[in-house]
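Heads up, the thing below is written out as structure tokens.
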Amino acid sequence: TEHDLERVGLLLVGDIVALADHFLVTSRAARQLALAEAGEAFADRVSVLPFAMALSEPELETVSRARAQSHGEPPTIASFGIVDPRKLPALLVEAIALVRADRDVELAFVGPVSDALAEELAQLAARLGVGDHVSIAGHLQREDYLGALGRSTVAVQLRASFAGEASAAVGDCLAAGTPTIVSNLGWMSELPDDAVVKLDRGDQLESA
């Protein structure tokens, strides 16, 4: 459990910081977590190196082509990266079922997913009557992944908890110029307010 993890220090950050000359993290929130385990005595060893977000020119061209080709198609809400219960995928399926009552919209999960979770989400979508409007792409080759970024009307990148990580998927969305909604949590809470829409936990629940 999270309580056990905190109690016995399974993240091992305290040990690593104590042995390191310098320890780099990608956000102020991650620095706070590291020092909570290592102790404030090591504060001078832990620094923030902001998470890099960029796509190459050829990659941006692939995104742009896909964006142009998708003109006139129904809006697509997408979630990028590893599909995991911590990222609240079931909440997105429930939300899309409500949204489709008023407008034609598709939902796409783009990223690695276990067979069990993929089946669970597909069954939920079917029960809610949106089985034909929810796609679970799984892992895609890079060009197909970039195409999905371009075809997406908006990316919704939610998280229920934060353990110090930054999100490469959110970085890809922003680098591609895809409008992005995130949880107001951890690293994502430090993104510029004019770059993403941030949802607090209560807002996430109300959205469904």
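The values are calculated or read from the model by the stated rules, or taken from the named source; none is laboratory data. Remember, predicted model here, so these are calculated numbers, not experimental data. All Cβ positions, glycine included, derive from the backbone under ideal geometry; neighbour counts span all protein chains shown. The accessibility values were calculated without ligands, DNA or RNA, using every heavy atom of the protein model including side chains. Shrake-Rupley method; radii C 1.70, N 1.55, O 1.52, S 1.80 Å.
Would you tally the residues in region 81-97 being in contact with a Gly (Cβ under 6 Å, 6 or more places away or on another chain) and either open to solvent by 70 Å² or more (accessible area, probe 1.4 Å) or polar (S, T, N, Q) (or both)? Within region 81-97, residues that are in contact with a Gly (Cβ under 6 Å, 6 or more places away or on another chain) and either open to solvent by 70 Å² or more (accessible area, probe 1.4 Å) or polar (S, T, N, Q) (or both) number 1. Return the residue satisfying two criteria in turn: it lies in region 98-117 and is surrounded by fewer than 16 Cβ atoms within 10 Å (Cβ to Cβ) and over 12 Å from Asp84 (Cβ atoms), and of such residues it is nearest to the chain's Cα centre (by Cα). Only one residue tops the list, namely Asp115.
Of all residues in region 86-112, those that are within 20 Å of Glu165 (Cβ to Cβ) have Cβ atoms under 8 Å from Cβ atoms of residues that are at pLDDT below 95 and part of a helix (DSSP H, G or I), 6 or more apart or on another chain, in Leu88/Gln204; Leu91/Gln204; Leu91/Leu205; Leu91/Ser207. Among residues of region 147-158 that are more than 12 Å from Ser79 (Cβ to Cβ) and open to solvent by 10 Å² or more (accessible area, probe 1.4 Å), those with a beta-carbon under 8 Å from a residue that is assigned to a helix (DSSP H, G or I) and among the polar types (S, T, N, Q) at least six positions away or on a different chain give the pairs Arg151/Gln69.
Inside region 32-63, residues that are in a helix (DSSP H, G or I), open to solvent by less than 70 Å² (accessible area, probe 1.4 Å) and not charged (D, E, K, R) make up a count of 8. Of all residues in region 60-97, those being more than 12 Å from the chain's Cα centre (by Cα) and not hydroxyl-bearing (Ser, Thr, Tyr) number 22. Asp104 meets the stated requirement of being in a loop (DSSP other than H, G, I, E, B) and over 17 Å from Gly150 (Cβ atoms). Listed residues Ala195, Ala176, Ala122; which is open to solvent by 40 Å² or more (accessible area, probe 1.4 Å) and in contact with a Leu (Cβ under 9 Å, 6 or more places away or on another chain)? Just a single option satisfies the conditions, and that option is Ala195. Screening Arg67 against (1) modelled with pLDDT of 95 or more; (2) open to solvent by less than 70 Å² (accessible area, probe 1.4 Å) leaves a single unmet condition, (2).
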